[in-house]
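Step one of this worksheet: look at the structure below.
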Amino acid sequence: MLNFPMWKRLWLWGITLAASLAALPSLVSLTGQAWPQALPRPTVNLGLDLAGGSHLLLEAQPAQVAAQRLENMEETVRTLARQAEPRVRIGDLSTQNNQLSFIVDSPADVDRMREALLPAINGTGMQREWNLQVVDQTRLVLTPTAQGLDAAVSQAMDSAVEVVRRRIDALGTREPTIIRQGDTRIVVQVPGLQDPEALKSLLGQTARLEFRLVDLNASPADIAAGIAPPGSEIVPYADTSPFAGQSIAVRRLGGIRGDNLVNATQTFEQQTNQPVVTIQFDQQGAARFAQLTTENVNRPFAIILDGKVLSAPNINEPIQGGNAQISGGFTVETANELAISLRSGALPVDLAVVEERTVGPDLGADSIRRGLLAIMVGSLAVVVLMIASYGRFGVYATGALVFNVLMILGIMAVMNTTLTLPGIAGFVLTIGAAVDANVLINERIREELRRGRRVVTAIESGYKEASRAIYDANVTNFIAGVLLFLFGSGPVRGFAVVLVIGLFTSVFTAVVLTRLWVADWVRRNRPTELNI
């Protein structure tokens, strides 16, 4: 137990010093000094409650998810009818009253359409997503079930959380907190961001990109009156377009959505040097885009973003390769924001800001000062108690405590984790609990000495027997910390991170490191008596 070969000594000291040195940039930043740029600078990120930042509460409307499902089902019905052999002719298609209904030409086609629709209405889960009824022998009515709508809303919100996370990560911010709240809300907290306007602009943009054919049969008078031909709809131009204030008629179905985008970057148009967004489709999207432009040469198609027409260029020739440019009176900043939104994916549902708060850094700085004061006072009290109670072995415990704090900070910095106010509480708790292992070890050594054992034997037995109880206690604490991290959110996770890291560093410093120091002292001095 007290035999440490040279390689093991170097290994233990290397781990201790490396983790402790990683804490230096964070400690220097607390003093307000600048860390040299030429040196590595792993630092602990401060959470919203310490660094200040922006807090947004976003809310989605389930009715929009229901409308999207109806539109998707309408396109599915038309596609299945068109692909049937022989083709099924449908008519009088309606999406009123949150239902999709249509008529087939003959009763014989009812069974064929029902069989074709079964995979779509049953979905992939255990619950049926749509109810199918036959009315008047030739009319089929599809009604969404409550279970299917709830599942769709939940899936849309999960997807929205991931899209929001990708967009915020693209801003270069560190450790945002993005969690669902209830069924239709998302909480977004971004530490260090004092101006939430850019964040609101980025998250408020759905980034639903569509390419639709312009309906050339629509008359300007009907468009001005808001009357669209059958199968088309009226879409206004974007405010940044030269045609702002006007509208255009586009075909509802048969276009291409931006779901197949793989990249979007802000570039400049070669001839005019105006900021544009260059997009790239995946293989499937490129094939569909090439087919659309090939079949509609010399016809205009509208580029629509979030229900507003950016531009409606003419298709002069087939566009191969899956690359295209989006123009619409952008500035460099707005083009870059749009590129970020398109790269991160379209939000499956619009998100409205229902609550907005900006947290200043003053409260966080005061919390840090008070937290550091609590750490110093707690550490001083522990140091005095340990030295007064155990003498030399108390000094070893104090040294282990100092390295324990440094190693926690260093590991958190290397892992790029976030320190929150509950995390500071975790620090204070770790300091108080860190010496528990040394107390157990020292008391066990005392017992062995009372039994008449020699010094070396008493020390070896003390470390061996106490280590069992130490490991058992820390395993249960580790399980609790992992559960807090998995099922907690925000501040609870911040506490769990410090707790779990502190468990490992406490066992390492209090058991392994102090045993190394004690072994060195025994080897050098070979004491025959021990006062502890």
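Observations on the model:
- Flag if residue 158 is within 27 Å of residue 55 (Cα to Cα) and either part of a strand (DSSP E or B) or modelled with pLDDT of 80 or more (or both): yes
- Set 508, 487, 495: member being among the aromatic types (Phe, Trp, Tyr) and surrounded by 21 or more Cβ atoms within 10 Å (Cβ to Cβ): 495
- Within the range 382-427, considering residues that are over 39 Å from the mean Cα position of the chain (by Cα) and of a type in the set (S, T, N, Q), the one nearest to residue 485 (Cα to Cα): 398
- Condition met for residue 81 (in contact with a Phe, Trp or Tyr (Cβ under 9 Å, 6 or more places away or on another chain) and buried (at least 16 other Cβ atoms within 10 Å of the Cβ)): yes
- Taking the numbered list (1) at pLDDT below 80; (2) part of a helix (DSSP H, G or I); (3) of a type in the set (D, E, K, R) in turn, residue 222 passes all entries but (1).
- Condition check for residue 76: in contact with a Ser or Thr (Cβ under 6 Å, 6 or more places away or on another chain) and surrounded by 14 or more Cβ atoms within 10 Å (Cβ to Cβ): no
- Breaking point among (1) under 30 Å from the mean Cα position of the chain (by Cα); (2) surrounded by fewer than 17 Cβ atoms within 10 Å (Cβ to Cβ), for residue 436: (1)
- Number of positions in the range 477-532 that are over 30 Å from residue 456 (Cβ atoms) and of a type in the set (Phe, Trp, Tyr): 4
- Residue in the range 105-163 that is nearest to residue 81 (Cα to Cα), counting only those that are among the basic types (Lys, Arg) and loosely packed, with under 15 Cβ neighbours inside 10 Å: 114
- Residues of the range 432-464 classified as of a type in the set (D, E, K, R) and farther than 20 Å from residue 386 by Cβ, total: 6
- Members of the range 279-325 that are outside any strand (DSSP E or B), in contact with a Pro (Cβ under 6 Å, 6 or more places away or on another chain) and at pLDDT below 80: none
- Of the criteria (1) within 20 Å of residue 501 (Cα to Cα); (2) of a type outside the set (S, T, N, Q); (3) buried (at least 16 other Cβ atoms within 10 Å of the Cβ), which one residue 386 fails: (1)
- Of residues in the range 262-320 being surrounded by 15 or more Cβ atoms within 10 Å (Cβ to Cβ) and among the hydroxyl-bearing types (Ser, Thr, Tyr), the one nearest to residue 239 (Cα to Cα): 311
- Helices (runs of 4 or more DSSP H) enclosed by the range 410-512 - at least 2 residues per element that are touching an Asp or Glu at 6+ places or on another chain (Cβ under 6 Å) and free of Cβ contacts under 8 Å to residues at least 60 places away in the same chain: 455-487
- Residue count for the range 87-104, restricted to those that are surrounded by 13 or more Cβ atoms within 10 Å (Cβ to Cβ) and on the phi > 0 side of the Ramachandran plot: 1
- Residue 41 under 28 Å from the mean Cα position of the chain (by Cα), free of Cβ contacts under 8 Å to residues at least 60 places away in the same chain and surrounded by fewer than 20 Cβ atoms within 10 Å (Cβ to Cβ): yes
The values are calculated or read from the model by the stated rules, or taken from the named source; none is laboratory data. Since the model is a prediction, treat every value here as computed from it, not as a measurement. All Cβ positions, glycine included, derive from the backbone under ideal geometry; neighbour counts span all protein chains shown.
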